[in-house]
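Please treat every number below as a calculation from the coordinates, not as lab data. Keep in mind it's a predicted model, so treat the numbers as computed, not measured. Every residue, glycine among them, receives a Cβ derived from its backbone with ideal geometry; neighbour counts consider all protein chains shown.
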Amino acid sequence: MLTEERLMELEIKLSYQEDLLQELNSIVASQQKQISQLEGTLLVLYERMKSISVEDGTNQTDNQPPPHY
């Protein structure tokens, strides 16, 4: 009887772990999708900022302090 109870306990724990693993997998997949979307947005913003600085005739070196600072 003791062996059957231990076996049943192990099966229950395994079932909970499988559920948890599926849930974590779903969360990781969702986060990866969000990261990909954020990377795309960042690229669009970078390109937009780059085009604005070209239109204004400015670049990053113009914003640096003079060498004597």
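The sum of -39500 (n - 2.57) across all DSSP H runs of n ≥ 4, divided by the residue count of the chain, sets its helix-only mean residue ellipticity at 222 nm to -30000 deg cm²/dmol. For the chain, the longest principal axis of the alpha carbon atoms and the long axis of helix 2-56 meet at an angle near 10°.
Which FRET efficiency value, to the nearest 0.05, do you get for Gln64 and Ile35 by plugging their Cβ-Cβ distance into 1/(1 + (r/R0)^6) with R0 = 30 Å? Can you show the working numbers first?
Working: r = 32 Å, r/R0 = 1.06.
Plugging the Cβ-Cβ distance into 1/(1 + (r/R0)^6) gives 0.40.
Kindly give the semi-axes, whole Å and largest first, of the ellipsoid equivalent to the chain, taking each as the square root of 5 times a Cα gyration tensor eigenvalue.
On the way: eigenvalues 700, 50, 3 Å².
For the chain, the semi-axes come out at 59, 16, 4 Å.
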